[in-house]
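Values quoted throughout were computed directly from the atomic coordinates according to the rules given, and no laboratory measurement underlies them. Computed from a prediction, not measured in an experiment: that's the story for all the values here. Here the Cβ positions follow ideal geometry from the backbone for every residue, glycine too, while neighbour counts run over all protein chains shown.
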Amino acid sequence: MELLRVTGGRPLAGSLEIQGAKNSVLPLLAATILGRGVSVLRNCPRLTDVDASLAILEHLGCKTGWDGDTVWVDATELTACAIPDALMRAMRSSVIFLGPILGRLGQAAIGYPGGCELGPRPIDLHLDALRTLGAAVEECPEGLRCTAPRLRQGEIDLPLPSVGATENAILAAVAAPGVTVIRSAAQEPEIVELQTFLRSMGAQVSGAGSSTVVIRGGAPLHGGEITVMGDRIVCATYLCGCAAAGGEIELTGVDPRHVASVTALLAQSGCQIAGEGLTIRLRRDPDTPLLAAPRVHTAPYPGFPTDAQAPLMAALCTARGTAVFVENIFASRYRHIDELTRMGACIRAEGRVAVVTGVERLHGAAVEAFDLRGGAALAVAALGAEGESVISGLRHIRRGYAHLSQDLAALGARADIIEKE
């Protein structure tokens, strides 16, 4: 079994280019189904979730391959419309394949998605959007069956700005003749990138990044090309790591506006931050403790991202004062708290609220990652802790971080992968 070993107490220093964005590349890979031809995705991170997506595409009849950090998908021929349960359970966002399969083939059958246990993540919004576009949906214990010999245009009013439902609705709507309008759409940068990719395939999509997206669908699509944006959550994780350990780092490849809600709180906590172009710099004097941030509420973009909640919490464990976190997106996203307390953190959680009272220092410990971002938080805490920490559960971390130990080492941390018999 592989473990991540981090020896803390050492300020970070250096420059690092951030990997491609997991939350962008997964819907982009699903979108390739819609184009008859070869699509090319550059700057694609090598993640287990990407591997799972490629396995799904190959099962459906696509050809796929890697060339360095570039992935190509040939979706000229599709031979299947069903995704077996084993492939669906490999990742939480696998439901994103429902819309494009339905749009391309007129029918789709999938098992229920797997992935991190973050509490209920209902897919009702996805299904309601597809029903609006004319799909018949049958739910059964084994999964979902959707049929729509001919999708139609529609007006989709989402009750909340769900990223996944917005993406699935867009991917289905590009195959529906006529004009479809999605209101209360998610506004994340990844939605904008999906629009850019679909346009390269010949689709007519506008409004991404705002609350209203308009799709003029029904045109035949071909393969597309895109360079995947830098991962804003990986960027936020490393910024939190430097906040925890102290030091000065430079991160490139991410638009500072995409992490503004995170950097604003880090600045209020005593970090010096500057950003321009696709570069972000953070400095924190290791001899000056952080200050507890004001109340942290997770919210849809451009609010504070739920994916950055755990890493920021880890950084603030040694801040002066008390920080209050309110998790508004997922009901079970505090599984990292017990592990942080093993390292000496003082955190009380009840329901969606967690209260972090800063302690003078954390100490190294053997801890376990139970989900992707919680695992990243443990690495952040280990960077600022005294002594050696050993983190297990790396399968979760590898869903979203292509080379966490190498990245941390490049920033001056003492981090490596070790084997345990």
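Against the longest alpha carbon principal axis of the chain, how many degrees, from 0 to 90 and to the nearest 10, is the axis of helix 163-173 turned?
It is inclined by approximately 20 degrees.
Rounded to the nearest 20 Debye, what is the dipole magnitude of the chain about its Cα centre when Lys and Arg each give +1 and Asp and Glu each give -1 at the C-beta? If you can, show how the numbers build up before the last one.
Details: 37 positive and 44 negative charges, 123 e Å.
The calculation lands at about 600 debye.
Using +1 at the Cβ of each Lys and Arg and -1 at the Cβ of each Asp and Glu in the chain, identify which of Ala385, Ala413, Val326 lies farthest towards the dipole's positive end.
Val326
With labels modelled as points extended 7 Å from the Cα through the Cβ direction, what inter-label distance (nm, one decimal) is found for Arg199 paired with Arg42?
That separation, rounded to one decimal, is 1.7 nm.
How long is the gain from Glu386 to Leu78 if the chain were fully straight, where each residue apart is worth 0.36 nm and the alpha carbon distance is subtracted?
Details: separation 308, 0.36 × 308 = 110.88 nm, distance 5.40 nm.
Working it through step by step, the gained length comes to 105.5 nm.
Fewest Cβ neighbours within 10 Å first, please rank Lys22, Lys63 accordingly. The partial results should precede the final answer.
Values: Lys22 25, Lys63 13.
Lowest to highest Cβ neighbour count: Lys63, Lys22.
Can you compute the charge dipole magnitude of the range 22-227 about its Cα centre, using +1 on each Lys and Arg Cβ and -1 on each Asp and Glu Cβ, nothing else charged? Give it in debye, rounded to the nearest 20. Before the final figure, lay out the partial values.
On the way: 16 positive and 21 negative charges, 94 e Å.
Here the range 22-227 has a charge dipole of around 460 debye.
Rounded, prolate or oblate, given the Cα gyration tensor of the range 22-227, with a/c below 1.5 counting as rounded?
Details: a/c = 1.27, a/b = 1.10, b/c = 1.16.
Note, shape of the range 22-227 comes out rounded.
Out of Thr306, Val71, Gly358, whose Cα points farthest toward the positive end of the dipole of the chain (charges: +1 Lys, Arg; -1 Asp, Glu; placed on Cβ)?
Checked the options; the winner is Thr306.
Give, in nm to one decimal, the length gained when the segment between Glu276 and Ile417 is fully stretched (0.36 nm per residue of separation minus the Cα-Cα distance). Intermediate results must be reported in sequence, preceding the final value.
On the way: separation 141, 0.36 × 141 = 50.76 nm, distance 3.34 nm.
Residue separation times 0.36 nm, minus the Cα-Cα distance, leaves 47.4 nm.
Please give the helix 48-60 orientation as an angle from the longest Cα principal axis of the chain, in degrees from 0 to 90, rounded to the nearest 10.
Helix 48-60 and the main axis of the chain meet at about 10 degrees.
Report, in whole Å, the centroid distance computed from the Cα atoms of the range 151-188 and the range 284-348.
Going from one Cα centre to the other spans 33 Å.
Can you sort Glu58, Glu350 so the residue with the fewest Cβ neighbours within 10 Å comes first? All intermediate terms of the calculation are to be shown ahead of the outcome.
On the way: Glu58 14, Glu350 8.
Neighbour counts put them in this order, fewest first: Glu350, Glu58.
Quick one: work out the % antiparallel among DSSP beta bridges in the range 262-406, nearest 5.
Among the beta bridges of the range 262-406, antiparallel pairing accounts for roughly 65 percent.
What does the range 334-421 give for Rg and for Dmax, in Å, if only its C-alpha atoms count?
13.0, 38
Going by average Cβ neighbours within 10 Å, how do the peptides 211-217, 274-280 rank, with the highest at the top? Write down the numbers at each step before the final one.
On the way: 211-217: 19.6, 274-280: 15.0.
Descending mean neighbour count gives 211-217, 274-280.
Below 8 Å between Cα atoms, with a sequence gap of 6+, how large is the relative contact order for the chain in percent?
On the way: 1089 pairs, mean separation 88.7, N = 421.
For the chain, the relative contact order is 21 percent.
I want the local charge near Thr76. Using Cβ-Cβ distances under 13 Å, sum +1 for each Lys or Arg and -1 for each Asp or Glu among the other residues.
Values: positive: Arg36, Lys63, Arg104; negative: Asp74, Glu77.
Residues close to Thr76 contribute a combined charge of +1.
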